[in-house]
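Novice: Structure in structure tokens, see below.
The values are calculated or read from the model by the stated rules, or taken from the named source; none is laboratory data. Since we're looking at a predicted model, the values are computed, not measured. All Cβ positions, glycine included, derive from the backbone under ideal geometry; neighbour counts span all protein chains shown.
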Amino acid sequence: MRSRARTIRLGAIAAALGLALAGLAAAAPASAATYTCASFSGLTVTADTVSRSPVSLNAGDVIRATVSPARDGDVIILSAAAGTSINFVEAPATTGLSWKAPVTGSYGLGWSLEASGTRPSSLTWSFTCTPASGSTATVSDSDRDGVANSSDACASTTLPDSTKKPVAGRYAAKSTGRFLDGTGAYSGYTVVDTGGCSALQIAKALNLGRTDLQSGITLTTLKNWAATH
Ligand SMILES: [Ca+2]
């Protein structure tokens, strides 16, 4: 049973990856007509999968996807390609998937459904997009961590944090900017909350020990830092 579930998961990821790669190919030339946040407002598509590229987004734009029918156990997978990196985000189909663009830039986006049981014969996808507030002005973000230079407490942030020894209860920033622990549990904090600092930068700034450097920082450290930055 476990191996079957894994096979299905890999299949869904491969499908999403295919979408993302197709998106990357379609992204050139950069001068081609692009999709924007507004392209997704009220968009409804009846298809097995949906891919759009290039999608020009501002940091903080949130695209929300829901699918119908959405059954318990079904999972929506989003592949978000930017440059040479591809991130996968998933959420239960019953709740829908909201994804926030971490930085201003061009993305290749692909949504697919991993069905827990028999795949529905037809899927209808619905989208909305909420633009980041005040996103009309171009914001300068040199390290592309989603925090503008003017309010970035840490320059040259590298995302994701690389943790040599991920463990439960110690948090590091993912490429989405969210701080997750070694088991993937979300702390409730993002790099926006830490003033644009990664776990590694916080650990170094506080002169923390090897465990913090290798496994990420504790929730208490994260919380205290977020409260003061
Ligand atoms: Ca930063």
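Novice: Right, Ser175: among the polar types (S, T, N, Q), within 16 Å of the ligand (Cβ to nearest atom) and within 19 Å of Lys100 (Cα to Cα) or not?
Specialist: yes
Novice: Considering only residues that are at negative phi and near the ligand (Cβ under 9 Å from one of its atoms), which ones fall in the range 143-157?
Specialist: Asp143, Asp145, Val147, Asn149, Asp152, Ala153, Cys154, Ala155, Thr157
Novice: Quick one: which strands (runs of 3 or more DSSP E) sit completely within the range 111-196 and have at least 1 residues that are assigned by TED's automatic domain parsing to the domain that holds Ser39 and surrounded by fewer than 20 Cβ atoms within 10 Å (Cβ to Cβ)?
Specialist: Hits in the range 111-196: 124-130.
Novice: Is it true that some residue in the range 80-92 is buried (at least 22 other Cβ atoms within 10 Å of the Cβ) and not small (Gly, Ala, Ser)?
Specialist: There is no residue in the range 80-92 that is buried (at least 22 other Cβ atoms within 10 Å of the Cβ) and not small (Gly, Ala, Ser).
Novice: Within the range 12-77, which strands (runs of 3 or more DSSP E) (wholly inside it) include 3 or more residues that are modelled with pLDDT under 95 and surrounded by 15 or more Cβ atoms within 10 Å (Cβ to Cβ)?
Specialist: Because the criterion is at least 3 residues that are modelled with pLDDT under 95 and surrounded by 15 or more Cβ atoms within 10 Å (Cβ to Cβ), the strands (runs of 3 or more DSSP E) in the range 12-77 that meet it are 50-57.
Novice: Could you please give the count of residues in the range 210-227 that are among the hydrophobic types (A, V, I, L, M, F, W, C) and touching a residue at least 40 places away in the same chain (Cβ under 8 Å)?
Specialist: 3
Novice: Quick one: count up the residues across the range 196-229 that are within 14 Å of Thr157 (Cβ to Cβ) and modelled with pLDDT of 95 or more.
Specialist: Final tally of qualifying residues: 11.
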